[in-house]
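**Student:** Questions regarding the structure given below will be posed in turn.
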């Protein structure tokens, strides 16, 4: 506590919101939030895929022209990729110990995840507006 | 010696028989990584549909091929496992069912639910197809 005697900030003030990763529980919370969201989204997605096994193009387009289906598909893609990149981040942090390799992998996974999510969103929007 | 010191290492993880709870824990991770790879097929499916009928037919053709169906079977089982075991993680996060007897019972619940949901999905899927 000696070092703390020189600051007016209380130990609680210093510790609040700061875990070892320096960003508190945000990562943990976003993983849980996305996993809760993915329960209904996954159920919807599985039913949707089963309903469109071997479907023709026109049938699929008609499905994605429904506002509800389009919104659910966009949510499924975005939340899935958000969940995937935060999960892969933890896996990388656990098993890759060379700092530059760890950083390169995490940055690569995040960039790729959000790029793929954007591609999914654009695809659904394109189908929905009939462009 | 692996630690370079010439001194014996203490017994490591691989000399122990992993209990089912531990196997299921690492399986959650493995299925998570596998499902992330599977998202590439989702991207292909959606982008192909947006690109036009020919691209979509190619994607549907791949999914309906033997290799495609094999991948889909693996991903459906992985998805149900990760979903069921993920719900179990949320229950743990709520501070419930942490004791060993509960954990051992819920091993079976998760494995049973995964098997039943996977088989049901494929029965319905192949009937609809």
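**Student:** Please indicate, with yes or no, whether at least one residue in the range B:89-106 is touching a residue at least 12 places away in the same chain (Cβ under 8 Å), under 30 Å from residue A:25 (Cβ atoms) and either under 16 Å from the mean Cα position of the chain (by Cα) or not in a helix (DSSP H, G or I) (or both).
**Tutor:** There is at least one residue in the range B:89-106 that is touching a residue at least 12 places away in the same chain (Cβ under 8 Å), under 30 Å from residue A:25 (Cβ atoms) and either under 16 Å from the mean Cα position of the chain (by Cα) or not in a helix (DSSP H, G or I) (or both).
**Student:** Looking at the range B:21-37, is at least one residue exposed (fewer than 13 other Cβ atoms within 10 Å of the Cβ), assigned to a helix (DSSP H, G or I), at pLDDT below 95 and touching a helix residue (DSSP H, G or I) at 6+ places or on another chain (Cβ under 7 Å)?
**Tutor:** yes
**Student:** Please enumerate the residues belonging to the range B:73-109 that are more than 11 Å from every other protein chain (Cβ to nearest Cβ) and within 21 Å of residue A:49 (Cβ to Cβ).
**Tutor:** The answer is B:73, B:74, B:77, B:78, B:81.
**Student:** For residue A:122, are the conditions met, namely being within 22 Å of residue B:52 (Cα to Cα) and either away from every other protein chain (no Cβ under 12 Å) or within 13 Å of the chain's Cα centre (by Cα) (or both)?
**Tutor:** When the stated conditions are applied, residue A:122 does not pass them.
**Student:** Looking at (1) closer than 27 Å to residue A:109 by Cα; (2) more than 9 Å from every other protein chain (Cβ to nearest Cβ); (3) without any contact (Cβ under 8 Å) to a residue 24 or more places away in the chain, which is the only condition residue B:45 fails?
**Tutor:** The number of the failed condition is (2).
**Student:** Take the conditions over 22 Å from residue A:45 (Cβ atoms) and at pLDDT 95 or above and apply them to residue A:87. Does it pass? Before you say what the answer is, go through the steps one by one.
**Tutor:** Values: over 22 Å from residue A:45 (Cβ atoms): no; at pLDDT 95 or above: yes.
In short, no.
**Student:** Mind checking whether some residue in the range A:25-32 is in contact (Cβ under 8 Å) with a residue 60 or more places away in the chain, more than 17 Å from residue B:39 (Cα to Cα) and either part of a loop (DSSP other than H, G, I, E, B) or in contact with a helix residue (DSSP H, G or I) (Cβ under 7 Å, 6 or more places away or on another chain) (or both)?
**Tutor:** Initial filter on the range A:25-32 (in contact (Cβ under 8 Å) with a residue 60 or more places away in the chain): A:27.
After this cut, where a residue has to be more than 17 Å from residue B:39 (Cα to Cα) as well, the list is A:27.
Next, only the ones that are either part of a loop (DSSP other than H, G, I, E, B) or in contact with a helix residue (DSSP H, G or I) (Cβ under 7 Å, 6 or more places away or on another chain) (or both) stay: A:27.
Yes, the range A:25-32 has at least one match.
**Student:** Quick one: count up the residues across the range A:63-74 that are in contact with a helix residue (DSSP H, G or I) (Cβ under 6 Å, 6 or more places away or on another chain) and without any contact (Cβ under 8 Å) to a residue 60 or more places away in the chain.
**Tutor:** Of the residues in the range A:63-74, 6 are in contact with a helix residue (DSSP H, G or I) (Cβ under 6 Å, 6 or more places away or on another chain) and without any contact (Cβ under 8 Å) to a residue 60 or more places away in the chain.
The values are calculated or read from the model by the stated rules, or taken from the named source; none is laboratory data. Values in this document were obtained by computation on a predicted structure and should not be read as measured data. Glycine gets a Cβ as well: all are built from the backbone with ideal geometry, and neighbour counts include every protein chain shown.
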